[in-house]
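Comments concern the structure below.
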Amino acid sequence: MPKKTIALATAGLALVLLAGCSSGPSKAEQCKTFEKTVTSAAEGFQDEAANLQSDPDAAVTKLKELNKTIGDGVDELSDDDLKQKGDAFQSAYGDLVDEIETVAKDPQSADTSALTTSSTKVQKAGKAFQDACNS
C-alpha cells in the first residue's frame, strides 16, 4: 500500500475519531444555555404575574408560551442527567402555570396551598438542575 494512501487513511480515521469526541456542546455550555432560557422565562413570569389581575387570559397565554420556550430549551439538552433535570423543571413550571390558570379563572376559589406547593416544586427542580450543573 503506498505511503500516500496510508497517510490519507490515517488522516481520515483521525477525523472520524475526533468527530466522535466532539459530540455536541459540553455540559457547561448546555447548563449556560438552559439557564439563560430559564432566566428569561422567570423574567417573563414576573412581568406576566403583574398582569394577572388586569388581563388574566393574556397573562396565562404568555406563561404557557414561556413554558413552551422552556420545553424547547430542554429539547436542546443532550446530557442525559441534565435532560432529566430539565424535564422535571419544565413539568414543575407547567404545573405552576396550570395552578395560576385555575386561580385566574376563579380567583374566589383560589387554593393558595396548591400554588405554594407548585412554586416550591419549581424551586426544588431548579436547584436540582443547578446541582447537576455544578457536579
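The values are calculated or read from the model by the stated rules, or taken from the named source; none is laboratory data. What you see is a predicted model, and the numbers here were worked out from it, not measured in a lab. Cβ: placed from backbone, ideal geometry, glycine included. Neighbour counts: every protein chain shown. Protein only, heavy atoms only, side chains kept; ligands, DNA and RNA dropped before computing areas. Shrake-Rupley method; radii C 1.70, N 1.55, O 1.52, S 1.80 Å.
The set of residues in the range 33-53 being touching a residue at least 40 places away in the same chain (Cβ under 8 Å) and open to solvent by 70 Å² or more (accessible area, probe 1.4 Å) consists of 33 alone.
Taking the conditions (1) more than 17 Å from residue 102 (Cα to Cα); (2) in contact (Cβ under 8 Å) with a residue 40 or more places away in the chain in turn, residue 56 satisfies each one other than (1). Of the residues making up the range 80-129, just one is in contact (Cβ under 8 Å) with a residue 60 or more places away in the chain and either open to solvent by 80 Å² or more (accessible area, probe 1.4 Å) or over 15 Å from residue 66 (Cβ atoms) (or both), namely 129. Does the range 100-112 contain any residue that is more than 15 Å from residue 42 (Cα to Cα) and within 16 Å of the chain's Cα centre (by Cα)? Scanning the range 100-112, I find no residue that is more than 15 Å from residue 42 (Cα to Cα) and within 16 Å of the chain's Cα centre (by Cα), so the answer is no. Candidates are the residues of the range 56-70 that are crowded, with 17+ Cβ neighbours inside 10 Å and under 12 Å from the mean Cα position of the chain (by Cα); the one that is modelled with the lowest pLDDT is 66.
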